[in-house]
1. Note down the net charge around residue 84, summing +1 for each Lys or Arg and -1 for each Asp or Glu among other residues with Cβ under 14 Å from its Cβ.
2. What nm value, rounded to one decimal, do you get for the distance between residue 83 and residue 38 when each label is placed 7 Å out toward the C-beta?
3. What dipole magnitude, in Debye to the nearest 20, does the chain give about its Cα centre under +1 on Lys/Arg Cβ and -1 on Asp/Glu Cβ?
4. Any chance you could give the angle, 0 to 90 degrees and rounded to 10, that helix 86-99 forms with the longest Cα principal axis of the chain?
5. How far apart, in nm, are two points set 7 Å out from the Cα along the Cα-to-Cβ line at residue 47 and at residue 72?
6. Quick one: the Cα spread of the chain along its three principal axes, in angstroms, biggest first?
7. Starting from the amide H of residue 19, placed 1.01 Å from N in the peptide plane, find each other amide H under 5 Å away whose residue is 5 or more places distant or on another chain.
8. Near residue 72, within a Cβ-to-Cβ distance under 12 Å, what is the net charge of the other residues, with Lys and Arg +1 and Asp and Glu -1?
Amino acid sequence: MATEESVQVTRYKYSVAWSAEDDEYLATVAEFPSLSWLAESQATALSGMLGLVRSAVADLSRAGEEVPSPFATRVYSGNIRLRVSPQKHRDLTIKASEQGVSLNRYLNELL
């Protein structure tokens, strides 16, 4: 049976892509941007990265440091605060008005 720690590790956001520079597959994980793993196959790259993340999580836990929670299990409010210059704010408000929508809706459509 999987431990809570290993289940969490499998819920992180992994990516495996070909690296022309390294001539191998490169595995990364979004929650730990400083970690990567190179291998000759996609499956081996992912497997190596899972092991590396398990080790990193164990090290952080032993040291009493915070272990990042997976993006997939985090709670999001749906609110994003963004600071722009007053000029940019005015320009966006004008464009939203020209479209006949609120600034919030206009920005949502841009995103």
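1. On the way: positive: 81, 83, 88, 90, 95; negative: 91.
Computed value for this residue: +4.
2. Reported label-point gap for residue 83 and residue 38 is 4.0 nm.
3. Dipole of the chain, to the nearest 20 debye: 840 debye.
4. With rounding to tens, the tilt is 70 degrees.
5. Between residue 47 and residue 72, the label points sit 2.0 nm apart.
6. Projected onto the principal axes, the Cα atoms of the chain cover 55, 37, 25 Å.
7. For residue 19, the qualifying residues are 24, 25, 26.
8. Summing Lys and Arg as +1 and Asp and Glu as -1 gives +2.
All of the numbers you see were taken from the coordinates with simple rules; none came from a lab. This is a predicted model, so every value here is computed, not measured. Because the Cβ atoms are built from the backbone with ideal geometry, glycine has one as well, and the counts that use them run over all protein chains shown.
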